[in-house]
Amino acid sequence: MSKVSKVWSRQILDSRGLPTVETVVQLDTGHTAVASVPAGTSTGTYEAVELRDNDPANYDGKGVSKAVANVNETLGPGIWGLDCTDQATIDQRLIELDGTKNKSKYGANAILSVSIACTKCAAIVQNIPLYNWINTLSKRAGVDAKVRVPTPVFNMINGGLHGAGNLDFQEFHVIPATSKTYSEALKIGVEIYIKLGKNLERRGAIHSVGDEGGYAPNLFTNADALEVIFESIKESNYQIGRDVFLGLDVAASFFYKNGSYSIRDKSNPLNDDALIDYYKYLNSQYHLSHIEDPLHEDSWESWKKLYEAFKGQLTVVGDDLLVTNQERVEKAINEKACDAILVKPNQVGTVWETLLVVKKARDAGWKVITSHRSGETNDWFIADFASGTGSDFAKFGAPCRGERVAKYNRLLSIEAELASGQK
Ligand code: PGA
Ligand code: ZN
């Protein structure tokens with residue numbers, strides 16, 4: 001048994017240049033592992049709390065020195081002596097130390113950095129790949145999963161809070177067919193991304209990249225973004241509906257105000273039913289395969305209506321709706337609100353709780369999409385997490401920007417290891 005003997009933390013920067021937490025866990029064997037945590041911008045209201053210093057004189061209030069101190073002074077010493085391979089006990093101890101329902105005392109960012117560093121340490125000390133160790137943990141949590149490299153979901157155009165442009169919808173996805181190998185899928189994504197850049201340039205649309213590496217153009221409507229992706233795919237060697245599909249993360253809570261949705265595609269604000277009708281139209285034009293957060297995170301009745309309307313035609317994904325939270329997932333299963341979950345470990349704050357959420361989703365027959373956040377570091381933990389939990393999809397942004405590519409490249413090495421039978 002290898003015990004945690006030392007834990008230390010520091011403030012580093014994420015891909016937006018904002019502070020985040022990096023933690024090192026050391027075992028009594030001398031092995032160490034380091035983990036850093038991501039941060040969202042379009043965070044769901046019900047996510048676990050990311051602790052920030054809120055001191056305007058430092059990092060514009062975004063510092064995480066309190067979270068770092070919480071690891072160094074309380075959370076770290078609190079897990080000294082625990083067996084690093086007993087993730088459930090470690091995470092339970094972290095939850096108890098914090099003592100709040102939403103991890104607001106010590107911060108989900110502080111807690112998750114310790115939790116992930118322990119997961120990594122356990123893999124290192126046992127000399128097994130991280131994805132295999134996560135697979136063992138998944139099985140322990142009751143997930144019937146085989147290690148697999150998931151299909152990538154590429155966020156090709158960044159709107160909403162992630163773009164510098166004027167689009168209301170947050171993400172416009174290209175999703176290669178699940179029958180493709182991961183390397184084929186990555187190649188498809190890159191080739192379409194290059195064509196899309198040229199097409200945006202031809203239209204005179206600004207195409208600097210947004211937070212997740214997708215282009216952030218100014219266009220007339222959200223439908224235009226789908227249109228230009230559609231055109232780019234038509235010019236490629238790939239066929240829509242066979243090799244590649246389109247998807248959306250609408251992140252609708254962002255443009256929901258006073259009971260209706262204002263989008264540039266329509267001159268008047270839309271109510272829930274009118275927005276659902278507009279999605280039907282977009283689906284008829286662009287054959288969407290996924291739609292994420294199509295409605296406000298509290299509009300349960302409309303989610304049910306939308307799911308009923310699209311069931312069997314496209315995958316309805318809950319992100320802000322579910323926030324990787326067991327209770328909200330249970331509610332969504334009972335209410336038949338969606339049939340897929342976006343899994344983000346930092347929405348809940350520990351590895352073990354994330355696995356329990358995956359189990360719930362799988363038991364309901366849902367699809368699982370493991371996801372990055374818009375603010376990331378080069379830590380590629382979620383690539384191993386996605387593979388070890390047998391996730392269907394991995395949403396790590398566009399195939400551009402170092403912190404996104406770090407994860408896509410990690411999936412390449414996992415694919416190669418699996419092909420060569422290395423365990
Ligand atoms: P976020 O966006 O990381 O800014 O929350 C990602 C998403 O909505 O999927
Ligand atoms: Zn989302």
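For the reader, a short list of remarks on this structure follows.
- Subset of region 17-43 that is in a loop (DSSP other than H, G, I, E, B) and in contact with a Lys or Arg (Cβ under 9 Å, 6 or more places away or on another chain) - its residue that is farthest from Asn109 (Cα to Cα): Thr29
- Within region 82-122, being assigned to a helix (DSSP H, G or I), without any contact (Cβ under 8 Å) to a residue 12 or more places away in the chain and not charged (D, E, K, R) holds for one residue alone: Thr89.
- Any chance Ile12 is more than 23 Å from the chain's Cα centre (by Cα) and among the aliphatic types (A, V, I, L, M): no
- Count of region 394-416 residues, restricted to those that are closer than 17 Å to Ser15 by Cβ, in a helix (DSSP H, G or I) and touching a Ser or Thr at 6+ places or on another chain (Cβ under 6 Å), is 1.
- Ala57 being in contact with a helix residue (DSSP H, G or I) (Cβ under 6 Å, 6 or more places away or on another chain) and modelled with pLDDT of 95 or more: no
- Of residues in region 284-298 being touching a strand residue (DSSP E or B) at 6+ places or on another chain (Cβ under 8 Å) and not aliphatic (A, V, I, L, M), the one nearest to Val228 (Cα to Cα): Tyr286
- Positions within region 363-393 being away from ligand 2 (no atom under 15 Å from the Cβ) and part of a helix (DSSP H, G or I), in sequence order: Asp363, Phe381, Ala383, Asp384, Phe385, Ala386, Ser387, Gly388
- Residues satisfying the stated conditions in region 232-260, i.e. of a type in the set (Ser, Thr, Tyr) and under 24 Å from the mean Cα position of the chain (by Cα): Ser253, Tyr256
- Looking across region 168-210, the residues that are surrounded by fewer than 24 Cβ atoms within 10 Å (Cβ to Cβ), in contact (Cβ under 8 Å) with a residue 12 or more places away in the chain and assigned to a loop (DSSP other than H, G, I, E, B) come down to Asp168, Ala177, Thr178, Lys180, Thr181, Arg203, Ala205, Ile206, Ser208.
- Per the listing Leu219, Leu248, the residue uniquely hydrophobic (A, V, I, L, M, F, W, C), in contact with a strand residue (DSSP E or B) (Cβ under 9 Å, 6 or more places away or on another chain), within 13 Å of Asn158 (Cα to Cα) and more than 16 Å from ligand 1 (Cβ to nearest atom) is Leu219.
- Failed item, numbered, when Gly165 is tested on (1) assigned to a loop (DSSP other than H, G, I, E, B); (2) at pLDDT 95 or above; (3) buried (at least 20 other Cβ atoms within 10 Å of the Cβ): (2)
- Residue in region 351-362 that is in a loop (DSSP other than H, G, I, E, B), within 16 Å of ligand 2 (Cβ to nearest atom), buried (at least 23 other Cβ atoms within 10 Å of the Cβ) and at pLDDT 95 or above present: no
So that you can scan it fast, the table gives a plain yes or no per residue for (1) out of contact with any helix residue (DSSP H, G or I) (no Cβ under 7 Å at 6 or more places or on another chain); (2) under 14 Å from Val24 (Cα atoms); (3) not aliphatic (A, V, I, L, M):
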residue	(1), (2), (3)
Ala88	no, no, no
Gly107	no, no, yes
Ala110	no, yes, no
Ala122	no, yes, no
Pro129	no, no, yes
Asn135	no, no, yes
Ser138	no, no, yes
Val153	yes, no, no
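- Residue within region 13-33 that is under 18 Å from Ser115 (Cα atoms), touching a Pro at 6+ places or on another chain (Cβ under 9 Å) and among the aliphatic types (A, V, I, L, M) present: no
- Any hit, region 229-245, residues being surrounded by fewer than 18 Cβ atoms within 10 Å (Cβ to Cβ), touching a helix residue (DSSP H, G or I) at 6+ places or on another chain (Cβ under 8 Å) and among the basic types (Lys, Arg): no
- Test for Gly63: is it assigned to a loop (DSSP other than H, G, I, E, B), touching a residue at least 60 places away in the same chain (Cβ under 8 Å) and more than 16 Å from ligand 2 (Cβ to nearest atom): no
- Identity of the residue in region 43-61, in contact with a Gly (Cβ under 8 Å, 6 or more places away or on another chain) and closer than 25 Å to Ile95 by Cα, that ends up surrounded by the fewest Cβ atoms within 10 Å (Cβ to Cβ): Asn54
The values are calculated or read from the model by the stated rules, or taken from the named source; none is laboratory data. This one's a predicted model, so the numbers in the text were calculated from it and none came from an experiment. Here Cβ is always computed from backbone atoms with ideal geometry, including for glycine, and neighbour counts include all displayed protein chains.
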